[in-house]
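Working notes, beginning with the structure itself.
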Ligand SMILES: Nc1nc2c(ncn2[C@@H]2O[C@H](COP(=O)(O)OP(=O)(O)OP(=O)(O)O)[C@@H](O)[C@H]2O)c(=O)[nH]1
Ligand SMILES: [Zn+2]
């Protein structure tokens, strides 16, 4: 991302909304906003290979692994406003497990792009499947969208839940319900 180009765009936006980009309090705002945007979209500069960094380990354990309550901050691709929530990720290993920290890192990589919640959920699920070769993967995300809270329909208390499941989680209702019970407990 070209920080100085984005800084100029933010300066233009500040002028267009009727503010004075040269007043003291706003002097460095375009540059700060550009840096914030660079951070919030850093997922475009990352790759699964770099993030996983080979942290896949042999394991005979074939029981469900769940990483719960991974907080996430993303931006909706329609309004570029934040949506904020939690991801719950589970998989059933098939001879290989992934480093614990890598799951939140994968969540962040996809969250730090312009997203809709459904696609974010699916991209996380497909990536965990691809890197672990699991028997099944499940991802549930609960999130609140500022575009539906501070503007638009202005609903402060509604949230959205999305899920993506494959393999054992899709085929076996007991596995699915064990997962759902564990993430709600
Ligand atoms: N399915 C889905 N919709 C989203 C997500 N984030 C925002 N939206 C919705 O995207 C839709 C865009 O609708 P438009 O009618 O094009 O835009 P708008 O006029 O700003 O819509 P309102 O928000 O209803 O004022 C809205 O219904 C948003 O609530 C998301 O992650 N998933
Ligand atoms: Zn939106």
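Tabulated data
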read-out	value
Residue match in the stretch 127-136 (condition: in contact (Cβ under 8 Å) with a residue 60 or more places away in the chain, more than 19 Å from residue 72 (Cβ to Cβ) and out of contact with any helix residue (DSSP H, G or I) (no Cβ under 9 Å at 6 or more places or on another chain))	yes
Leading residue by the ranking (surrounded by the fewest Cβ atoms within 10 Å (Cβ to Cβ)) among those in the stretch 145-171 that are away from ligand 1 (no atom under 11 Å from the Cβ) and assigned to a helix (DSSP H, G or I)	171
In the stretch 63-80, residue farthest from residue 108 (Cα to Cα) [restricted to those that are away from ligand 2 (no atom under 16 Å from the Cβ) and surrounded by 14 or more Cβ atoms within 10 Å (Cβ to Cβ)]	64
Selection status of residue 99, closer than 22 Å to residue 179 by Cα, buried (at least 16 other Cβ atoms within 10 Å of the Cβ) and in the same structural domain as residue 149 (by TED's automatic domain parsing)	no
Number of positions in the stretch 10-28 that are free of Cβ contacts under 8 Å to residues at least 12 places away in the same chain and in a helix (DSSP H, G or I)	6
From 133, 85, 99, residue being more than 15 Å from residue 43 (Cβ to Cβ) and within 16 Å of ligand 1 (Cβ to nearest atom)	85
Residue satisfying condition, being on the phi < 0 side of the Ramachandran plot and more than 19 Å from the chain's Cα centre (by Cα), within set 174, 105	174
Any hit, the stretch 25-33, residues being in the same structural domain as residue 162 (by TED's automatic domain parsing), under 30 Å from residue 160 (Cα atoms) and surrounded by 14 or more Cβ atoms within 10 Å (Cβ to Cβ)	no
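The values are calculated or read from the model by the stated rules, or taken from the named source; none is laboratory data. Computed from a predicted structure; not experimentally measured. Positions of Cβ are backbone-derived with ideal geometry, glycine not excepted, and every protein chain shown enters the neighbour counts.
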